[in-house]
Each structure stands twice: as structure tokens, then as C-alpha cells.
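Down below is the structure, laid out as C-alpha cells.
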Amino acid sequence: MSNQKKRSFQIEAFKHRVVVDPKYAERTWKIIEHAIHEIYNHNASGLSFEELYRNAYNMVLHKFGDKLYSGLVTTMSAHLKEISKSIEVAQGALFLEELNRKWNDHHKALQMIRDILMYMDRTYIPNTRKTPVHELGLNLWRDYIIHSGKIQSRLLSTLLELVHKERTGEVIDRGLMRNIIKMLMDLGSSVYQEDFEKPFLEVSAEFYKVESQKFIECCDCGDYLKKAEIRLNEEIERVAHYLDVKSEAKITNVVEKEMIANHMTRLVHMENSGLVNMLLDDKYEDLGKMYNLFKRVPNGLSMIRDVMTSHLRETGKQLVTDVESSKDPVEFVQRLLDERDKYDKIICQAFSNSKTFQNALNSSFEYFINLNSRSPEFISLFVDDKLRKGLKGVTEEDVEIILDKVMMLFRYLREKDVFEKYYKQHLAKRLLSGKTVCDDAERSLIVKLKTECGYQFTSKLEGMFTDMKTSEDTMQGFYANHPELADGPTLVVQVLTTGSWPTQATVTCNLPTEMATLCEKFRSHYLGTHTGRRLSWQTNMGTADIKATFGKGQKHELNVSTYQMCVLMLFNNYDMLSYKEIEQATEIPTSDLKRCLQSMACVKGKNVLRKEPMSKDIGTDDAFFVNDKFTSKFYKVKIGTVVAQKESEPEKLETRQRVEEDRKPQIEAAVVRIMKSRRVLDHNNVIAEVTKQLQSRFLANPTEIKKRIESLIEREFLERDSADRKVYRYLA
Amino acid sequence: MGIQKDIVKFNVGGRIFQTTATTLANAGRDSFFGALFDDNWDLRQHQPNSSQEFFIDRNPDCFAVLLDLLRTGDLYIPSNVPERLLYREAMFYGLIDHVRSAKWGPFDGNRLKLSRSVTGRAPGDGTAIRAGPDGGCCVAHGSMVHVFDWTLEEHPPINLDYQRVNDIGWVNAENVLISACERLGKGDGGMGLFNSSTGDLRHKFNVVHDNQTKSYTAGALSFSPDYKIFASCKGRSNEYGIGVWDQVTGKQMDFFYESPGWSLGDADKLQWLNGSNCLLVATLFPRKDNCYISLLDFREKRMVWSWSDIGALLTVDEKRVRDAIAMEECNSICVVNEYDDLGFIDLRINGGSVRWSSRSRLLKGKMPDEPCYPKLALHNGQLFSSMNDCISVFCGPDWVLTSRLRRSYGGSICDFSIGGDRLFALHSEENVFDAWETPSPPII
């Protein structure tokens, strides 16, 4: 085919393609652009939403989304530049107001523009991953207004100045402040943080640094804390009124750091008003403030706790090592209890009953109570005193409270077995002399000890009570079987189980014949009913009531000890007796005899005997007479033995020795128990486990434990490992 | 009678409509009507008295349907209104979400009705179909993935260097993830993220081994709610195992290398278990000679549970596991064999055995010429299992068969998926997929 032919058959492209008017996009955009201008010029009432929406829709539909979007950016930017200028020229206080007004305008305009361009927002923007209209408007506002060179620093300084004014007591327009801050937050949390919060926190830190320095120079601790609390509350209130909620933690942090954390040591140790003074003066309110403020900063509470602990230990140490206070055990314990009550109250009222503070209190008490090795004895004496006389006319609840407090002190004791020893002695005395006031209180205390230390601890104490009860029954049985004895002197025997009671060397004295026969009768009665038992007489612990008639016929009933009775009975037959004669006749041990003679001859008002020569002390060559001139306004006269309530030094040593002796089998038992279950164990672990096991009773001394182990090895309960000398093996 | 003050009069494309502002308020603020009635736009200015109407230059028939939707919440499309037209108008008014949520009801496996069958052009057998979160779906055929939105309109197809697609998944309504085979020596294939409506590639995921980017074949996919992507991977040398990527940054976060004698990189199925924070990995016959099911804990880098049929007596051939799905509420894994028998493995016992349900229906002899392996799915306490050309629905603690979905056209079902309150089933013989949905609740 020729070229010409080809040309004649040429097919033309279909020319009537529906072409959108090339000016269409431009024209439509002009309409929308005009509308945006009108909206910014507050002239929107003449606009038709439907028309604008339709135009924007058509532009997107006909793929002019790019033009629409870029046009929007350009137009809005131009308007924001103008707005920026008008804000810049605003003077002084009008600056913020102008900014706020323009922001409101822009926000409203943005809303309307978004309405018009809703279709673009919905379709074009997600597919092209562009910024949605609303967010775009905010970003442009941020870039052209907030971050414009002339506004940014001015805005910040204005805001900070207003905050400063408010801090110094001036009233500011909080509503305006809130609006501006809200604007910053609307622009995104990073804008708020970078453009306001960060500098705000820095300025605040500086402000409070200066202020706290000023306060600490001129205020005492209590006042300072009050001021710090007020400032803290002010900042919290400020956040609630016009800042972002998230700023609260940050600004309080600043105040806490500047006002509290940085001055913590100085506050606590402030002269005449620091923590120690607050504790001394029971300033609950100030202490509470300090607790609540210091709680907010790291290490705040531990600092209070440390100072309190060291103060408490110091005062406690003085208390227990004070020679004066050691003279009166009751006073000593009472002071301990008072101290505890005081701190209990402080912790309860000011330190919100914090567990860690209670622990600190307990550990401090444990520390200093055990500084004085006589503490167990004193506590037991305190109980003794209370149970002997102190509880008269006190309600049952109060008794419980006192006993509970005593138990609290008891818990602090490391040498609980020493306490047990003393308690047993004191209880024995109370029971035998019939001095115990309240049986219920005694038993209640035993129950408390039992819950604290277990059955073992109190079984012997309970045994003592049982003995008392059975003795009563025995005596009734004895007199029922021997009606003929009703006329003679009355004998009351308390049969004590050996082991349950504090052991005493049995030194029997010669009883007067009347009594000796009576005792013999009782012995045969008792052994008749209980075969296989042995009775021995503890004459040193008895008492007697005797009727005596003196020179001018004055009659008295004398309440005396058994020893004293023996001595007095001698004077039924003699007018004068020498010391030697008395000693021979009664066979009372010398020290006891001296003591008992002293109490009858040398104590004013109780001197039923007369001594030659007249002197305070008893000599072996002295002679004794019945004091015919003895008078007393009471019919009943109680002649006490001169006996120290507190233990004398040798007695103390003796008790200590007995305690040490008692501990030996306990340590050995513990070692054997442990080795029996472990079979093989090294030295250090044995010591640790033994100490742990015996903790509830006493603090075992490692050297003592070592000695016990040696002894057990000797007796072939254990052996040393042949390879490692530090390892023990249990020998079954 | 009081005069209703909020009556609004519209002239839409020449037809007059009257309604109330209350009805229009149902459209919400982010719609044409919401903006129209906002205080910023003074409507009264255009309507000085109630006799004057507000003009909208749009199709009146569609406006009638949409106004009815706003009035009643019910969507009724008359036969003279094409759906496509209605959707376009709904887009204009910003009511497309209203239309979508009114179109079909909340998913219930026992009330499903076939909504539409869509025929595609792609050649060859389908690989996978995945339901999107908003009612759309994507279908993989060979190296192409076709994306359909919820109106079942097709969007531009997507591919990853024209490599064979192994699995697809919806990250969200806008993004689709594709895993594909590698092309030797070129670094093609692997895994990519695509815009679902435009088909643009947004991100290609890398596997890094010893600080070197490796080419790899990506297999089964899974996602976790804390924005992680899991994929089984087979690399050139050592990169066999499960890769983990961050959805936000697109960076590889972790790699669980498979241990000798245990297959992870070839996995047929991954499933993220939210309650136990584990990933289920199932590699099944016939991809491998044996079946391996395991749970991986990525925090401890440990296989916390595993099951395999290695060494099991294979006297009965039909008891080969073909698909598995973990059911966390029942503490068990449900498996299925090629005869649609369900079996259960206890997740609380390591190394337990399969308890096959006695519901066994022996289909020997009735098998179609080109059988597809059964698939399992779990949705709201209902268990779905595909077999040949139908899908069975099981309910209750004992998994009773309650419904069966069947459509004769298109041959066996090779894959199905539930999501966006719809069920999509892909047939293997003809290039057809079905969309099943629950009708709106009855009027009375």
C-alpha cells in the first residue's frame, strides 16, 4: 500500500472527550479562597456552606486535591502572618488579651474551614498521608505565632511574670492565663512543655531557692515547715486553676527539692527548734508537718527516723545507766514506760502510725534496755511491786493495760531467762507471804508470758500456783483428820514441788517444841497419804503470827518470820539471852540470825527486844532482853526482816551464776537437736542456728556455745570431722 | 397543636424534603449536616422563613434513602437505586460509616446469608483470602493480591516484585501486609506493607542476620495487639525461624531461630495468643513429613509448649493434622484432619496426645477430584471448619455442629476468613469468592 492511501484512511482520535474546563480548578479555588478570607474577616454570614462544600467536593473528585490543599496552606499562612503582626504591636497587658482574642478567632475560622473541606479530610488526606485540616491549622498557628521570634520570648516572659506576681501576692487574671495555657496545650503537649513548662519549672526552682534561703535564715523549724506547706499548697492550687494536670507532680517536685530536700539536714538539726526539740516538747503538729513534707522527698523519712532513733538511744542510754534511777527499780521501769508512751503517742499522732517508725522505736528500746544487765530484774520487781500493792482500787482493764505495757518491755529483753529466774523468785515470795493482791492479774500475766514464750517458759510458774491450791486442800485434810489440834497453835504448810520453785539451800533451824511436834504430826499425815515422797522444811521462808504480852500488860499480835518466831519463843522461858545462846538454841544461819535480831532490836517502833549494848549492828557478844516498854498504836505489829528488796551484789552474782548454769543444758540440748537433724554441720552454722533457736529465751554467747560443743564431744555425742576440723558430726 | 420549630426543608435536586433538625443530628458533627447546623454557619440566614427551602444540588433518590437511614437507622435500598451510586452520595454527605454499619448486622455464624459472590480475573488457584477489619477483603492468587473494600469494589491490585504470595494480612483498614517468596540473588520478595486503597508499597521489611540484610522467603503471618508483626522466615543460610517486626517503625525486633529437628520457618500457621503472651506456630503435613505445633514465649526466648506426631503410630492414615487453632478459653488446641474430623490437644499438658472427636464422618469414596485441605477459624466462641465446598459451624462446650454454609458454584473452598462481621470463602476451581454476612435484625 502506498503512503498516500494510508493518509486518506487516517483515523482521528475522538475529539469530544469530556474535558473539564481548564480554568475550572482555578475558578473553584478562587471561590473557596475568597470564603477563607471572609471567614477570617468575620464576614462569614454571606457564605453558603452548601456551595462551598460542593465546590471543595468537586475539586477533590476531579483530582485537584493537591491544589486545594496547597492553596489552603498558603492562604492560612498569609492570614497568620498578618495576625502575628497585629499581636506584635499590642502593648503591655493588652498583649495577652490580643493573643487570646486572635486565637479564638483562628480557632473558630479553622472549624469552619474544616467543615468546608470535610470531604478532603475524609478521602484525599488519608490516601496521601497529609496532615488533617484541623491539625494543620494548629501547626501553622504554632509556627507563625507562637514560635515567631517577636512573640515567643515575649509570651514566655509575660506568663512567667504573671506567675511571679501571683506568688508575691498580687491578683492576676486567672481566666486569661488559663485560656493561654490551654492554647499551648491544644497545640500539643510538646509545645506546652517546651514553650512554657520547662522554663516555668526552672524559674520556679530559682525562686524557691532564694526564698527558702531567706526563710531558713530567719525562721525556726516549725515556722519554716508551715511556710513550705503553704507554698506547696499554693502550687497545687495553681496547677488546678490554670496549668496542665500533669505539671502538678513536676512543680511540687521542684518545691519539694528546693524547700525541703536541699535544707533537710539543716532543718532537722536546727538549734532550739529542730527535730530533737520537737520530740522533747511533744510538738505533734510540727512533727506531723515535718513527716508529711519529708515524706515527699527521697530519704526524708529515713532522716527523721535516724535522728529520732539516735536521740532515743541517747536518752534511753542515759536513763538505764543513770545510777540514781537504778536505786529504785519501780521508778526505773516507770520511766521506761513513760518514755515509750511518749514516743508511741508521737508516732501515732504525728507520724501516721508508720510501721518503719514503730520498728525504729522498738529496736531503740531493745538496744538500750539491754545495756543495763539488771533490766530483767527491775522489770520483774516492777511487776512485783504492782502486784503486791499497786493494783488496789484499779479496774481490771487498767490492770490489763499495765500488764500489756510490761509485756512490751519484756519483749525487748534479750535475756528472757534471767527475767524468768527473777520472776520466779518474786512470785514465790508473793505466793508464800500471801501478798499477792489479785489472783486474776497474776494468772493473766502468766497467760501473756505463755503466749509470748511458749508453754515451757511458764510451766513451772503454773506449777507454783497448783502447789498453792493443793496445799490448801492438804491443810484442810490434815485438820479434818486431827480435830484434837483445833485448840493448839495453827500450822499452815505449803507443800512445794522441788524444781518448780526457786531452789534454796535447806538450812533447818530448831523449831520451838510446840511447833516441832505439830510439824511431825503433819509429816506423818502427809507421808501417809502420799507415799514415796520426801518432805524437807524451808523454815527460812515461813511466817508466824504470835500473841505477846509486854511489861505493862500491853497485848499485841506480832507478825514475824519463822526465824523471828523461834527467837521470840525462847524469851517465854528466859528474860535475857546472849547472842551465842540464841544461836545455839535455834541453829539459824548466822547472817539470817543477825538480820532477824536486827529487825527486832534495832528498828524504831518495832523493837520488841532490847539489846545491850545499844548499837545499830549485832555483835556476837550482845545480850538481848524483852523490851517491856514496847508500845505501838496498832494492835497488830508487822515486824519485817531487814531485807533489801533489790538484790545485793553477792546475790546478784549468785543469780547470774545460776542463770548461766541453767543455760548450759539448754545450749547443749539445742546443739544436739540441730546436729541430730543435720548429721554434719560446720562450726559457724551451728553457732548461728543455736543462737536463732534460743533467741526467744536469751542471747547465747558464742564462746559458751563453743564450750558446750567441746563438752558434747568429750561425752561422745559429737565428733570432729577428721578432714576438716571445723565440721562436726553427730554420733548416733 | 404546637408548631415544631426545628422543621427543616430541603430542595434536593428539585425534590422537596422536610425533616427535623433532630433527625439530622443523628448524622453526627463530622458530616455535611453536622457542619451545616453548627452555630458557625447561620442556617436561618438562608432560611428567613420556614417556607423557604435549603437547596442541595444532589441526587434526590439517594437523599431519600439516606434520610430514611437517619430517621430509622435502617438501610433500605430500592431496586432503582444502584448501590454504587448510593455509596458515592453517602461519601458526599459524610454518611458512609452510617451506611456500612447499617448494611449488615453483628456476626453470628448460625444466621449467615450469602451477600454476594465476586468473580475475579486472576488465573490459577487461590492461595489465601483475608477479611479486613471494616468488611473488605484481600485475595491472593499466585503473585497478585486483589483488594476489595467493604462495598466489594476492587482497588488497584498489589504485588511484591511479582513473587509468589504465601500469606496476606490486614494491619488495619488502610494497610495490607504481604509475605512472598524470595527471588534468588536479587533481594526481591520477602515481606511488604501496602496501602489498601491505592496499592502503593509503603514499607519493605528486612531480615538482618549478623548485621547483614538477607533475602528471605516469608511464610505465615500473625499480629499482636501491641503492634508486632510475626512471620515465619526461610533465609539463604541460617535464617530459618520466626521474625518479629515493629508495626510502627517497621524495624526487625527479634528473631526466633528454629532448633534442629523442629520446624518453624516452614510454618503453615501463626496465631498470637493474647492471654498467655505466646505465639502458636504450626507446621503441618504435607509441607513437612511430620506435624509440629509449638507455643513460643518471646520474652524468655523459649518454646513453652510443643506437640508433634513424630513417632506416633500412623496406622490410620486419616488422622493427619491438616490445620490447628488455639482456643485459649478452653486451654486446648483444636486440630482437623482431611476428613473434617476435629481433634483436641490439651494446652496444660506438655506432650499430650490428640483426642479425636467421635463425630467422625468417613467420606471415603466421596472425595472430590481436587480436594482442598480443611481450614479452621474461631470467632466469638464459634468454631468454623471448611471441607470441600462447605463450611461447618460448631458451637457450645462440646462443639456441636449447628450450621453448614454451602454454595455449589466454584468448587472446593481452599481458604476462608472472618472479620469485619463478614465471612469470606475462596473457592479453588473457579476464581470466585463469597461474602457471607448476618442480616440486620428483624423489624418486629
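The values are calculated or read from the model by the stated rules, or taken from the named source; none is laboratory data. This structure is a prediction, so every number in the text was calculated from the model and none was measured. Cβ placement follows ideal geometry from the backbone for every residue including glycine, while neighbour counts extend to all protein chains displayed. Ligands, DNA and RNA are stripped out before the accessible areas are found, and what is left, the full protein with its side chains, is counted by its heavy atoms. Shrake-Rupley method; radii C 1.70, N 1.55, O 1.52, S 1.80 Å.
With +1 assigned to the C-beta of every Lys and Arg and -1 to the C-beta of every Asp and Glu, and no other charges, what is the dipole magnitude of the range A:627-721 about the Cα centre in debye, to the nearest 20?
Values: 21 positive and 17 negative charges, 125 e Å.
With Lys and Arg at +1 and Asp and Glu at -1, about 600 debye.
Which of the residue pairs A:Lys616/A:Lys652; A:Lys606/A:Lys629; A:Lys386/A:Lys664; B:Lys228/B:Lys251; A:Lys102/A:Lys150; A:Lys198/B:Lys251 have a Cα-Cα distance greater than 21 Å in the structure shown?
Working: A:Lys616/A:Lys652 25 Å; A:Lys606/A:Lys629 11 Å; A:Lys386/A:Lys664 33 Å; B:Lys228/B:Lys251 10 Å; A:Lys102/A:Lys150 16 Å; A:Lys198/B:Lys251 33 Å.
Table pairs above 21 Å Cα-Cα are A:Lys616/A:Lys652; A:Lys386/A:Lys664; A:Lys198/B:Lys251.
Are there any chymotrypsin sites (Phe, Trp or Tyr not before Pro) in the range A:562-634 that are in a DSSP loop and have at most 16 other Cβ atoms within 10 Å? List them by number.
Numbers: sites: A:Tyr563, A:Phe571, A:Tyr574, A:Tyr579, A:Phe624, A:Phe625, A:Phe630, A:Phe634; in loops: A:Phe571, A:Tyr574, A:Phe630, A:Phe634.
Counting only loop positions with at most 16 other Cβ atoms within 10 Å, the chymotrypsin sites (Phe, Trp or Tyr not before Pro) in the range A:562-634 are A:Tyr574, A:Phe634.
Report, ordered by chain and residue number, the lysines lying within cross-link reach of A:Lys289, taken as a straight Cα distance under 22 Å and ignoring same-chain residues fewer than 8 apart.
Answer for A:Lys289, where 22 Å is the Cα cut-off: A:Lys209, A:Lys214, A:Lys226, A:Lys227, A:Lys250, A:Lys257, A:Lys342, A:Lys345, A:Lys355, listed by chain and number.
I'd like the chymotrypsin sites (Phe, Trp or Tyr not before Pro) in the range B:56-89 restricted to DSSP loop residues with at most 12 other Cβ atoms within 10 Å, sorted by number.
On the way: sites: B:Phe63, B:Tyr76, B:Tyr87; in loops: B:Tyr76.
Here the sparse-neighbourhood loop sites are B:Tyr76.
Compute the separation of the alpha-carbon centres of the range A:650-665 and the range B:252-331 and state it in Å as a whole number.
74
What value, in deg cm²/dmol to 500, does the helix sum -39500 (n - 2.57) over DSSP H runs of n ≥ 4 give at 222 nm once divided by the residues of chain A? Before the final figure, lay out each step's value.
Numbers: 32 runs with 458 residues, N = 732.
Helices in chain A give a 222 nm mean residue ellipticity of -20500 deg cm²/dmol.
How big is the C-alpha Rg of the protein assembly as shown next to the rule-of-thumb value 2.2 N^0.38 Å, as a ratio? Spell out each step's value before the answer.
Details: Rg = 51.0 Å, N = 1176, 2.2 N^0.38 = 32.3 Å.
Normalised by 2.2 N^0.38 Å, the Cα Rg of the protein assembly as shown equals 1.58.
Considering the options A:His482, A:Thr123, A:Ile87, tell which one lies farthest towards the positive end of the dipole of the protein assembly as shown, charges being +1 on Lys and Arg and -1 on Asp and Glu at the Cβ, about the Cα centre.
A:His482
What is the Cα centroid distance between the range A:530-592 and the range B:187-210, reported in whole angstrom?
For the range A:530-592 versus the range B:187-210, the Cα centre distance is 115 Å.
Could you report chain B's accessible area per residue, 1.4 Å probe, as an integer in Å²? Write down the numbers at each step before the final one.
Working: 20220 Å² over 444 residues.
Value returned for chain B: 46 Å² of accessible area per residue.
Heavy atoms only, 1.4 Å probe, whole protein assembly: order A:Arg697, A:Arg443, A:Arg663, A:Arg720 by accessible area, highest first.
A:Arg443, A:Arg720, A:Arg697, A:Arg663
Length gain on complete extension for the stretch A:Glu82 to A:Tyr284, per 0.36 nm per residue less the alpha carbon to alpha carbon distance? Please list the in-between numbers first.
On the way: separation 202, 0.36 × 202 = 72.72 nm, distance 6.23 nm.
Working it through step by step, the gained length comes to 66.5 nm.
Probe 1.4 Å, all protein chains in place: accessible area of A:Phe478 in Å², nearest 10?
Accessible area, nearest 10 Å²: 0 Å².
So which trypsin sites (Lys or Arg not before Pro) in the range A:552-637 end up in coil per DSSP with only 11 or fewer other C-beta atoms within 10 Å? If you can, show how the numbers build up before the last one.
Details: sites: A:Lys552, A:Lys555, A:Lys580, A:Lys594, A:Arg595, A:Lys604, A:Lys606, A:Arg610, A:Lys611, A:Lys616, A:Lys629, A:Lys633, A:Lys636; in loops: A:Lys552, A:Lys604, A:Lys606, A:Lys616, A:Lys629, A:Lys633.
Sparse-neighbourhood loop trypsin sites (Lys or Arg not before Pro): A:Lys552, A:Lys604, A:Lys616, A:Lys629, A:Lys633.
Under 19 Å Cα-Cα from B:Lys113, which lysines qualify once same-chain neighbours fewer than 8 residues away are excluded?
Answer for B:Lys113, where 19 Å is the Cα cut-off: B:Lys103, listed by chain and number.
Computed on protein heavy atoms with a 1.4 Å probe, what is the summed buried accessible area for the chain pair A and B, in Å² to the nearest 100? Could the numbers behind the result be given before it?
Working: alone 39520 and 21300 Å², together 58670 Å².
Using a 1.4 Å probe on protein heavy atoms, the buried area is about 2100 Å².
What's the magnitude of the charge dipole for the range B:11-153 around its Cα centre, counting Lys and Arg as +1 and Asp and Glu as -1 at the beta-carbon? Answer in Debye, nearest 20. Don't jump to the answer; show the numbers that get you there.
Working: 14 positive and 17 negative charges, 89 e Å.
Its charge dipole is roughly 420 debye.
Please tell me the relative contact order of the range A:157-309 in percent, rounded to the nearest whole number, where contacts are Cα pairs under 8 Å and at least six residues apart. List each step's numbers first, then the result.
Working: 115 pairs, mean separation 35.3, N = 153.
In percent, rounded to a whole number, it is 23.
By accessible area of protein heavy atoms, probe 1.4 Å, what ranking do B:Arg15, B:Arg130 get, highest first?
Details: B:Arg15 100, B:Arg130 60 Å².
The most accessible residue leads, giving B:Arg15, B:Arg130.
Given the convex hull of the Cα atoms of the range A:580-727, what is a quarter of its surface area in nm²?
Values: hull surface 58.6 nm².
That works out to 14.6 nm².
How large is the charge dipole for chain A, taken about the Cα centre, if only the Cβ atoms of Lys, Arg (+1) and Asp, Glu (-1) carry charge, to the nearest 20 debye?
On the way: 110 positive and 107 negative charges, 483 e Å.
It works out to roughly 2320 debye.
What accessible surface, in Å², does a 1.4 Å probe find on A:Glu654, ignoring ligands, DNA and RNA and rounding to the nearest 10?
Surface open to solvent at A:Glu654 totals about 100 Å².
Considering only C-alpha atoms, what is the centroid distance from the range A:83-131 to the range A:618-638, in Å?
Their Cα centres are 115 Å away from one another.
Using a cut-off of 23 Å between alpha-carbon atoms, which lysines can reach A:Lys67, once sequence neighbours fewer than 8 places away in the same chain are excluded?
The qualifying lysines are A:Lys23, A:Lys30, A:Lys81, A:Lys130.
Name the residue farthest towards the positive end of the dipole of the range A:196-257 from the options A:Val245, A:Phe196, A:Ala228, assuming +1 on Cβ of Lys and Arg, -1 on Cβ of Asp and Glu, about the Cα centre.
A:Phe196
Got a sec? Charge dipole of chain A, +1 on Cβ for Lys and Arg, -1 for Asp and Glu; which of A:Ser561, A:Thr508, A:Tyr284 is way out at the positive end?
A:Tyr284
Determine the order of B:Thr402, A:Thr655 by accessible area, beginning with the largest, at a probe radius of 1.4 Å.
Values: B:Thr402 70, A:Thr655 5 Å².
I get B:Thr402, A:Thr655, largest accessible area first.
Given the rule -39500 (n - 2.57) for each run of at least 4 DSSP H residues, summed and divided by the residues of chain B, what is its mean residue ellipticity at 222 nm, to the nearest 500 deg cm²/dmol? Intermediate results must be reported in sequence, preceding the final value.
Details: 5 runs with 42 residues, N = 444.
Taking each H run of at least 4 residues, the total per residue is -2500 deg cm²/dmol.
Can you list, bin by bin at 20 Å, the percent of alpha carbon pairs in chain B, starting at 0?
23, 48, 23, 6, 0
Could you tell me the relative contact order of chain B? Use alpha-carbon pairs under 8 Å, at least six residues apart, and round to a whole percent. Display every interim value, and only then the final one.
Numbers: 994 pairs, mean separation 53.4, N = 444.
Value for chain B: 12 percent.
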